[in-house]
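Asker: Got a structure for you, questions after.
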Amino acid sequence: MTTYRERLTAPLSWWIAVVAFGLVWGWIMLVATNRPIAVGTAVLATVVAGGLVWSYGSIVVQSGPDGLRVGSAHLPRAHIGSVEALEPRGFREQLGPQADARAWLRTRPYIEAGVRVAVEDPSDPTPYWLVSSRRPEAVAAALGQTGDQAGVPTTNGEADGGQEEEV
């Protein structure tokens, strides 16, 4: 089995919004006070907003022989059932009309695809994990799912020729 790793990061448009947020606060303070306070406010607002975007927007998804890790959460290989790679339409359906309120979600609005991983643990009430991924086929392949099980074609059950990849 291979290991697949990707880091989901906030898109460029979010970072542009962070800078704009800081500039707006700086402008408001420039109108209300003096230049040093305005510059300090702009820098502080940008740093705070940037920290929030970074903490929300950056998450590591890693799949391999030991299971699935999403951020600090871990689903051991022994408790992984079927894995389904979802394209944008199927992913949206799993988030909406076909959603189960008991599911564990780690999705990001700027990622259109993902994987649905069934949880095979009788003591866990969570039926599945739904996780955003830019390359859901690679996540499924690294979890040992063939094209038939994951609903996607793979080459010899391996993702990226057996190499670890960071996206």
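Asker: Top mean-square fluctuation among G96, G22, G144, Gaussian network model of the chain, C-alpha springs under 10 Å?
Answerer: Most flexible of the set in this elastic network: G96.
Asker: What FRET efficiency would be calculated for the residue pair W15, T126, taking the C-beta separation as r and a Förster radius of 41 Å, to the nearest 0.05?
Answerer: Once the sixth-power term is evaluated, E becomes 0.80.
Asker: Are there any helices in the chain, counted as whole DSSP H runs, that stretch 15 Å or more along their axis by Cα and score at least 1.6 on average by Kyte-Doolittle, and if so which?
Answerer: The qualifying helices are 12-32.
Asker: Next question. For the chain, with only Lys/Arg (+1) and Asp/Glu (-1) charged at the beta-carbon, what is the dipole magnitude about the Cα centre, in debye rounded to 20?
Answerer: 800 debye
Asker: Candidates [x] 9.1; [y] 17.6; [z] 11.8; which is the computed mean projected area of the Cα convex hull in nm²?
Answerer: [z]
Throughout, read-outs are computed from the coordinates displayed, never taken from laboratory work. Remember, it's a predicted structure, so these values are computed and weren't measured experimentally. Using ideal geometry, Cβ is built from the backbone for each residue, glycine included, and neighbour counts are taken over all protein chains shown.
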